[in-house]
Every structure is written in C-alpha cells, then in structure tokens.
Amino acid sequence: MTIDFSSRIESGVKAIFPHVIVQKCIFHAIQLLTRGLIKEFFKIKKEQLLDHIEEWKELGRYSIDLEKNEKSKSKLQFRFEDTKYAWYIYESLKEIISRKNPLQMERELLLFFSISHFTKWNGKKVFLQKYDNIFTKSKLKFSTKAMKYVIPKVYKAWRSTIRELRKEIELSKSRFNTIKYLILMNPVNMKPYHNKKLSKYLKEFPWLRPYRKILVKFYYQFRLPPEKRASLRFLSRLITEDSHPWLKSTVHTLIENEEQVFRFQHIHEFYPKVKASKSIKVVNESSNKLVNQLYQVQCGMRTIKNLRMRISHRLKCPIIVSPTLLAKVN
C-alpha cells in the first residue's frame with residue numbers, strides 16, 4: 001500500500017492490514033523536502049534581505065529625527081556593516097557642517113571626500129553627484145547667508161544615497177525570489193534557459209550552491225538502482241543549529257522513513273508478477289481529493305449503511321469500515 005507521511009494513516013493501515021507492505025509516496029517525499037527548504041529560504045530572506053532593507057529605512061528615519069532635534073531615547077543598533085558604515089559617513093558630515101565658518105566647512109568637506117574612509121564607501125559616487133548638484137544646479141555657494149539652504153541639501157544628498165543603496169538590496173530580494181524556485185527544480189524538468197538563469201543567480205548567491213548540490217543528489221536517488229543509491233543521511237548537511245524547525249523535522253522524517261520511501265525498488269522481489277508502475281511509487285491524488293470532499297460534506301452518513309453506500313459509490317471501490325469507527329457509531 002502506498003501512503004503519504006501521515007502517522008494517522010499509517011497507524012490505520014497497520015490496524016486493518018497488519019501484514020501489508022507500506023510504500024511511502026515519492027511525490028510526498030520530494031514535496032516534504034522542498035516545503036522545508038522554502039521555509040528555510042524565507043527565514044534566510046528575512047534575516048539577510050528584509051531585515052537589511054528595514055535597517056536602511058530606519059537609518060533614514062533616525063537621521064531626520066536627529067536633524068529635527070528629536071533625539072531617540074535608544075541608539076540605533078546595526079546588524080549590517082554597510083548601514084554601519086553609512087552611519088559613520090553621516091556622523092562625519094554632521095560634525096563638519098556644524099562649523100560656523102562656511103569656508104572652514106568647505107575645506108573640511110573637500111578634505112573628507114579625499115580620505116580613504118570616504119573613498120571606500122559604496123555610496124561615494126552617488127553622494128558626490130548629488131553634492132555637486134547643490135552648487136551647479138541650485139547655484140549655491142558656501143556663504144553665511146546660503147548655509148540654511150546648503151546644510152539641508154547635504155543631508156538630503158546623503159539620504160538619497162542610502163535610498164539608492166537600499167534599492168540594490170530590494171532588487172537582490174526580487175532576484176532571490178526567482179532563484180529559490182530554480183534551486184528547488186528537479187534537474188530532469190529543467191530547460192536550457194532554466195540552467196542559464198540558475199548559473200547567473202548562483203554567482204550572486206554563491207551560498208545557495210550547497211543546497212542545490214544536495215537537492216540534485218536527492219532527486220537522482222530515485223533514478224538509481226538500489227546498489228548505487230546513497231543513504232539519505234547526506235540530507236543532514238542541509239541543517240544547522242539555526243535552521244528552520246520545519247526543515248530539521250523534514251530531514252529527520254526522510255532519514256527515518258528512508259526504507260519505506262525506496263521500497264518500490266524491491267517490490268519485484270516480493271511480487272515477481274507485479275509490473276513496475278507509477279501507482280506503486282505515488283499515491284492516487286484524485287482519490288485523496290474525493291475522500292477530502294466526502295469528509296467535508298458528510299451529509300447522510302449517520303449510519304454505517306449510508307456511509308458505506310455513499311463512499312463506495314463515489315470512489316467506485318469496496319469500503320472497509322474500521323472497528324474503532326463501528327464502536328464509535330454504535
């Protein structure tokens with residue numbers, strides 16, 4: 001009998017058919033692992049991309065509060081190096097443009113733009129372009145009268161720069177949404193353009209390569225003969241202490257049920273006359289859908305006679321009513 005990974009179904013099968021050979025559905029085995037990985041990828045996306053984007057936004061809001069003299073009670077905590085570096089640039093600018101002498105301010109700014117701390121900043125090109133526009137497009141100069149216009153524009157140039165840096169992370173998030181489904185694809189179903197896209201995105205997200213390598217190995221286990229097949233213990237390399245609980249549970253479930261998952265490879269040894277077919281490896285999903293529909297409706301099933309008649313008619317097969325259900329109805 002081929003079933004999914006439901007412990008309740010398995011206990012029911014063993015109760016009614018104690019001597020039956022149980023095969024765990026291949027489709028559900030693959031689905032179990034891919035769903036666990038999707039949970040893991042969403043966790044990674046939140047920690048590395050969504051939280052990163054939020055930190056950039058928080059940085060902009062915090063700077064505005066400071067300029068309005070609305071100092072936050074708690075200092076900003078940084079998780080990412082680039083936001084921390086951008087904040088260092090902001091504090092340096094803030095210190096320089098607090099000078100009362102406009103000419104001194106201009107000299108110190110030009111000096112700051114030439115030191116290595118500024119030239120190493122990822123946003124230097126965008127910032128300098130915005131900074132130059134203050135004096136070319138707006139035609140402002142470093143004078144006592146113009147300072148009330150120049151200072152806000154310098155802050156605005158910095159915020160425009162961190163907005164551009166944030167947009168790069170947002171684009172990376174969009175590309176990550178694409179690659180996570182390419183990572184999960186069965187190599188057999190992939191077209192040349194899928195492989196091309198995957199190779200391109202793996203250059204941007206190289207830390208995803210181990211996931212892909214292990215998943216490809218997992219897919220190929222179902223095509224190999226028993227003597228060449230590897231133990232599913234290699235799936236343990238997918239998990240760490242920080243992995244999503246769902247992925248941890250998935251890997252442990254697959255390793256524990258490995259023998260039943262690959263039992264289809266030995267079915268011919270037990271039943272030589274049985275021909276290899278998809279029905280041995282995979283549960284009949286259409287029947288499952290019908291059972292779920294019947295479960296949701298349950299109209300006119302108050303007696304065993306009606307229950308047997310309606311279900312057998314709908315599924316077009318004989319029905320066995322378990323002793324526990326008989327006891328419950330009686």
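Throughout, read-outs are computed from the coordinates displayed, never taken from laboratory work. Since this is a predicted model, take the numbers as computed values, not measurements. Ideal geometry is used to build each Cβ from the backbone, glycine not excepted, and the neighbour counts take in all protein chains shown.
Values as computed for the structure displayed
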| quantity | calculated |
| --- | --- |
| DSSP H segments from the chain that extend 20 Å or more along their own axis, Cα-based, with Kyte-Doolittle mean of 0.5 or above | 26-45 |
| Sparse-neighbourhood loop sites, GluC sites (Glu not before Pro) in segment 206-298 - DSSP loop, at most 12 other Cβ within 10 angstrom | GLU227, GLU241 |
| Which listed pairs, of LYS46/LYS213; LYS46/LYS125; LYS57/LYS148; LYS84/LYS145; LYS24/LYS213; LYS84/LYS141, have C-alpha distances above 27 Å, in listed order | LYS46/LYS125; LYS84/LYS145; LYS84/LYS141 |
| Nonlocal amide H pairs with GLN23, under 5 Å, H built at 1.01 Å | THR2, ILE3 |
| 10 °C / 1.306 mPa s Stokes-Einstein diffusion coefficient of segment 285-329, Kirkwood radius on C-alpha pairs, µm²/s | 144 µm²/s |
| Computed [θ] at 222 nm, deg cm²/dmol, the chain (DSSP H ≥ 4; -39,500 (n - 2.57); rounded to nearest 500) | -20500 deg cm²/dmol |
| Rg to Rh quotient for segment 1-88, alpha carbon positions, Kirkwood Rh | 1.45 |
| Rh by Kirkwood over Cα pairs, then Stokes-Einstein D for the chain at 1.306 mPa s and 10 °C, µm²/s | 61 µm²/s |
| Separation between Cα centres of segment 157-213 and segment 230-267, rounded to whole Å | 26 Å |
| LEU140 long-range amide H proximity, modeled H, under 5 Å | PHE135 |
